[in-house]
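The values are calculated or read from the model by the stated rules, or taken from the named source; none is laboratory data. Keep in mind that this is a model prediction, so the values were computed, not measured. Ideal geometry is used to build each Cβ from the backbone, glycine not excepted, and the neighbour counts take in all protein chains shown. Surface areas here come from the heavy atoms of the whole protein model, side chains and all, with no ligands, DNA or RNA. Shrake-Rupley method; radii C 1.70, N 1.55, O 1.52, S 1.80 Å.
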Amino acid sequence: MLLVMVTVIGVSCSDFLDVVPDGVSTLDNAFSRRTEAKKYLFTLYSYMPEQGDVGSSPALWGDEMWSMENALHYDYSMEAFNIGRGLQNANNPLLNHWDHYYKALRDCNIFLENVVNVPDLPDWEKKQWVAEAKFLKAYYHFCLVRMYGPIPIIRENLPIDASQREVRVFREPVDDCFDYIVQLLDEAAPDLPLSITNPVEELGRITRPIAYAMKAKVLVIAASPLFNGNTDQVNLVNTNSEDKKPLFNQEWSLAKWDRALVACEEAVKMCEDELGMKLYEYPGSAQYNLSDTIILQLSLRNAFNERWNSEIIWANSKSRPDYIQVGTTPKLDPQYQDGARLSQSLCTPLKIGEQFYTEHGVPVEEDKTFDYETRYETRTAGVEDQLYIRRGSRTANIHFNREPRFYAWVGFDTGVWYGQGKYDDSNPNDLFYVQGRKGQLHGATGPDFGPVTGYIPKKYVNFESVQNPGVDSYSVNLYSWPLIRLADVYLLYAEALNEAADTETNRAKAITYIDKVRDRAGIPGVEEAWTNYSTNPGKFRSQVGLREIIHRERLIELSFEGQRFWDLRRWKEVMEAYRTPIESWDLEQREPQYYYRKKVIVNQQFGLKDYFWPISNANLRNNPNLVQNLGW
């Protein structure tokens with residue numbers, strides 16, 4: 001019989017029995033030979049969250065993407081969207097992954113306890129598989145901590161004869177949780193391969209650079225305000241324990257940033273020196289003589305949605321965006337009979353479009369050459385704009401003279417949409433463009449179908465996805481969802497440098513790595529941009545000013561990738577960000593001068609309790625030693 005393991009929340013015996021891979025119901029068979037043990041290893045990967053699934057990934061929502069509350073076309077669960085709408089609760093928590101990840105941890109422990117007994121598994125491979133299991137065990141603990149804060153750590157499975165006292169575990173201090181995660185990552189890293197040798201079958205499996213990059217991310221998060229001296233959480237204690245020690249440290253620690261800095265340096269060195277990684281740049285096309293403008297746009301678009309490009313450190317092969325492309329692609333081809341495919345239902349609020357820089361690489365509200373007060377007035381696009389905005393069309397001033405990432409990653413009314421079957425840019429007016437006003441191809445069709453805000457997260461859509469003539473015919477070019485890109489690691493490194501020491505030397509080095517990202521984006525470096533174009537030219541010279549620059553750079557560079565949701569939380573900046581409501585253009589208007597008026601869709605409500613998920617009340621009843629997160 002399968003060795004029965006007791007979970008941390010005390011469920012009925014009927015829930016304990018799990019069938020191991022391939023329908024084999026005994027652990028002896030599961031680890032009797034290499035082929036069976038490999039199935040169990042891949043089962044550990046099966047618990048990976050699907051970050052590109054709009055129905056199950058809360059990180060895509062928050063305030064970065066929006067849909068209709070009562071649409072006719074939902075092909076996905078509304079749970080993630082409802083978190084953004086403020087509908088989280090403790091009785092039946094939305095996207096409650098507590099049980100899911102604890103089951104994953106139990107299976108990781110079963111694997112680690114038994115893989116040593118596989119007779120035909122070479123020692124080198126055994127070490128690698130153990131390292132992969134340890135990494136996944138660390139990652140699932142991390143997912144829990146990021147969602148729930150302090151958690152019970154599962155170092156090993158409880159025996160079948162565990163007492164009631166042993167089963168009723170406590171949440172452990174958040175610093176202990178992070179330390180254990182890092183310990184597992186350190187144990188795993190030496191035995192992981194430097195790279196994947198069989199890309200066809202194994203891309204997505206854990207490598208040494210992934211472990212280094214993950215450690216850097218974990219320690220930067222651990223050093224951030226949400227987990228470093230968070231006095232808002234002073235009353236979260238294990239009330240049934242003897243010491244009543246706060247589960248959140250109450251003193252800010254510079255040492256945490258020092259530790260994060262070392263990890264970031266090691267991750268950058270691993271990626272650059274050991275693997276020779278660099279930020280992705282589109283190599284051009286032998287078939288078409290593309291302009292530099294389009295080549296730069298493809299460098300930016302493909303950095304996220306080209307399968308396994310040179311910049312991707314880790315991507316989730318389980319999460320392959322399909323519906324998210326369907327839901328964010330506007331109807332571009334007049335010959336395409338919409339059918340049920342292009343729902344046009346997933347949009348981004350106007351404030352996300354406004355967060356992108358001007359062409360000078362500074363915020364629109366800071367650029368002294370940009371007339372911020374007239375940003376919603378309209379003008380006609382000329383020849384100089386024709387690869388960004390349809391020549392001769394009339395659109396808002398806010399759409400002119402923006403940075404290349406805005407045009408590469410955001411779709412808007414009159415905005416050129418390169419690709420989708422048209423790849424020759426020698427005549428820009430032959431390219432597709434978004435027609436978003438009432439009565440137009442992508443315009444609003446009613447209160448329960450059509451666009452939501454007027455801005456589209458183009459970043460999700462591969463430029464080779466094609467709208468074919470005919471009903472229900474949209475060929476989606478799939479890719480694995482990137483979890484960590486090199487640009488992410490560069491910006492983590494810059495952040496750690498700035499926070500670890502308030503010195504000119506550290507700021508200069510941080511700017512060097514920010515500028516690597518900005519150079520690929522086609523905008524001036526930090527010093528040049530702020531000195532020459534900002535109303536606050538000395539901003540980058542202080543720790544506080546550079547912190548603001550780094551935060552905004554992350555929000556732009558990693559937009560729509562599920563990073564903003566977690567970054568705003570770890571910086572404790574959500575309440576400030578959510579003060580700006582979810583807004584749209586006036587989608588019911590046909591004329592541009594009326595269409596470009598802002599309308600409030602919803603004013604979001606966010607309180608201190610919303611920084612963490614509630615633990616289900618059912619779990620609390622099963623284990624009285626678990627304390628609920630504050631506010632729930």
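Below is a table of values for the structure above.
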item: Single match in G415, G411, G327 (criterion: buried (at least 20 other Cβ atoms within 10 Å of the Cβ), farther than 25 Å from Y288 by Cβ and either more than 30 Å from the chain's Cα centre (by Cα) or touching a residue at least 24 places away in the same chain (Cβ under 8 Å) (or both)); result: G327
item: Residue in the range 59-66 that is charged (D, E, K, R) and within 22 Å of G450 (Cα to Cα) present; result: yes
item: Residue match in the range 543-552 (condition: farther than 25 Å from E265 by Cα and not small (G, A, S)); result: no
item: Hey, T369 open to solvent by 40 Å² or more (accessible area, probe 1.4 Å), out of contact with any Cys (no Cβ under 6 Å at 6 or more places or on another chain) and in contact (Cβ under 8 Å) with a residue 60 or more places away in the chain or not; result: yes
item: Sole exception among (1) part of a helix (DSSP H, G or I); (2) open to solvent by less than 10 Å² (accessible area, probe 1.4 Å); (3) among the basic types (K, R) for R259, by number; result: (2)
item: Residue tally, condition in contact (Cβ under 8 Å) with a residue 40 or more places away in the chain and outside any helix (DSSP H, G or I), over the range 187-206; result: 8
item: Any hit, the range 150-168, residues being closer than 28 Å to Y490 by Cα, at pLDDT 95 or above, open to solvent by 30 Å² or more (accessible area, probe 1.4 Å) and touching a Phe, Trp or Tyr at 6+ places or on another chain (Cβ under 8 Å); result: no
item: Residue in the range 452-468 that is surrounded by the fewest Cβ atoms within 10 Å (Cβ to Cβ), counting only those that are farther than 17 Å from S480 by Cα and over 22 Å from the mean Cα position of the chain (by Cα); result: N468
item: Selection status of G392, closer than 27 Å to K422 by Cα and open to solvent by 20 Å² or more (accessible area, probe 1.4 Å); result: yes
item: Test for P173: is it touching a residue at least 12 places away in the same chain (Cβ under 8 Å), closer than 17 Å to N623 by Cβ and out of contact with any strand residue (DSSP E or B) (no Cβ under 6 Å at 6 or more places or on another chain); result: no
item: Hits in the range 31-62 - residues which are under 20 Å from P482 (Cα atoms) and either assigned to a helix (DSSP H, G or I) or among the charged types (D, E, K, R) (or both); result: F42, L44, Y45, E50, D53, P58, A59, L60
item: Residue match in the range 557-567 (condition: among the aliphatic types (A, V, I, L, M), over 24 Å from N230 (Cβ atoms), at pLDDT 95 or above and out of contact with any Ser or Thr (no Cβ under 6 Å at 6 or more places or on another chain)); result: no
item: Qualifying position, being among the aliphatic types (A, V, I, L, M) and outside any helix (DSSP H, G or I), among L112, L121, L184; result: L121
item: Any chance D179 is over 25 Å from L275 (Cβ atoms) and in a helix (DSSP H, G or I); result: yes
item: Selection within the range 64-106 - in a loop (DSSP other than H, G, I, E, B), modelled with pLDDT of 90 or more and either farther than 26 Å from N622 by Cα or among the polar types (S, T, N, Q) (or both); result: E64, M65, S67, R85, G86, Q88, N89, N91, N92, N96
item: Selection from the range 533-550 of residues that are open to solvent by less than 40 Å² (accessible area, probe 1.4 Å), without any contact (Cβ under 8 Å) to a residue 40 or more places away in the chain and under 16 Å from E573 (Cα atoms); result: G545, I549
item: Residue in the range 544-583 that is nearest to A510 (Cα to Cα), counting only those that are part of a helix (DSSP H, G or I) and small (G, A, S); result: G545
item: Selection count, the range 361-378, where residues are among the aromatic types (F, W, Y) and under 19 Å from R405 (Cα atoms); result: 1
